[in-house]
Amino acid sequence: MESNQTSPATPPVSGDKTVAIVAYLSLVGFVIALILHNQEGKKTELGAFHLRQGLGILISSVAMSIISIIPILGWIVGCLGLILVLVMWIMGIIAAANGEMKPAPVLGAKFQEWFKTAFV
């Protein structure tokens, strides 16, 4: 029998998923995930990926909240932006729960690019 060159991805350990999921649970959850991730020997690629996604979503949320202060046009853009943030947040939690490194829609790839040196 011939051995398969590409081995199937091993499922992440529960610690990976914990950091990945908690990274999306508000600012407090993000800080807790950061502390868990930075423990000696606990840094994982999955945890770092979702910390970057969570950071990007938090920053986007704050930006959209600030934009919505502006009357009329800001309300419209801010509301649409917050709906996008909600979609990114939900999809991020689903990907984290499944142990996948799937970027959030629209800005997820940019979050990985912008914060590539963070959490390594």
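The values are calculated or read from the model by the stated rules, or taken from the named source; none is laboratory data. Since the structure is predicted, the reported quantities are computational estimates derived from the model, not experimental observations. Here the Cβ positions follow ideal geometry from the backbone for every residue, glycine too, while neighbour counts run over all protein chains shown. Note: accessible area is taken over every heavy atom of the protein model, side chains too, but ligands, DNA and RNA are not part of it. Shrake-Rupley method; radii C 1.70, N 1.55, O 1.52, S 1.80 Å.
Tabulated results
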| quantity | calculated |
| --- | --- |
| Qualifying positions in region 30-49 - in a helix (DSSP H, G or I) and in contact (Cβ under 8 Å) with a residue 12 or more places away in the chain | Phe30, Ala33, Leu34, Leu36, His37, Glu45, Leu46, Gly47, Ala48, Phe49 |
| Hey, Glu113 in a helix (DSSP H, G or I), open to solvent by 40 Å² or more (accessible area, probe 1.4 Å) and not aliphatic (A, V, I, L, M) or not | yes |
| Hits in region 64-109 (condition: on the phi > 0 side of the Ramachandran plot, within 20 Å of the chain's Cα centre (by Cα) and open to solvent by 90 Å² or more (accessible area, probe 1.4 Å)) | Val106 |
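To keep it simple, each residue is scored yes or no on (1) open to solvent by less than 50 Å² (accessible area, probe 1.4 Å); (2) over 14 Å from the mean Cα position of the chain (by Cα).
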position: Thr18; (1), (2): no, no
position: Val22; (1), (2): yes, no
position: Ala33; (1), (2): yes, no
position: Leu36; (1), (2): no, yes
position: Gln39; (1), (2): no, yes
position: Lys42; (1), (2): no, yes
position: Ala48; (1), (2): yes, no
position: Gly54; (1), (2): yes, no
position: Ile57; (1), (2): yes, no
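Residue-wise test of (1) among the hydroxyl-bearing types (Ser, Thr, Tyr); (2) in contact (Cβ under 8 Å) with a residue 60 or more places away in the chain; (3) closer than 17 Å to Gly29 by Cα.
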position	(1), (2), (3)
Ile57	no, no, yes
Ser65	yes, no, no
Leu73	no, no, no
Ile83	no, no, no
Ala97	no, yes, yes
Met101	no, no, no
Phe111	no, no, no
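Residue-wise test of (1) in a helix (DSSP H, G or I); (2) within 18 Å of Val19 (Cβ to Cβ); (3) in contact with a strand residue (DSSP E or B) (Cβ under 7 Å, 6 or more places away or on another chain); (4) not aromatic (Phe, Trp, Tyr).
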site	(1), (2), (3), (4)
Leu51	yes, yes, no, yes
Ile57	yes, yes, no, yes
Pro71	no, no, no, yes
Val87	yes, no, no, yes
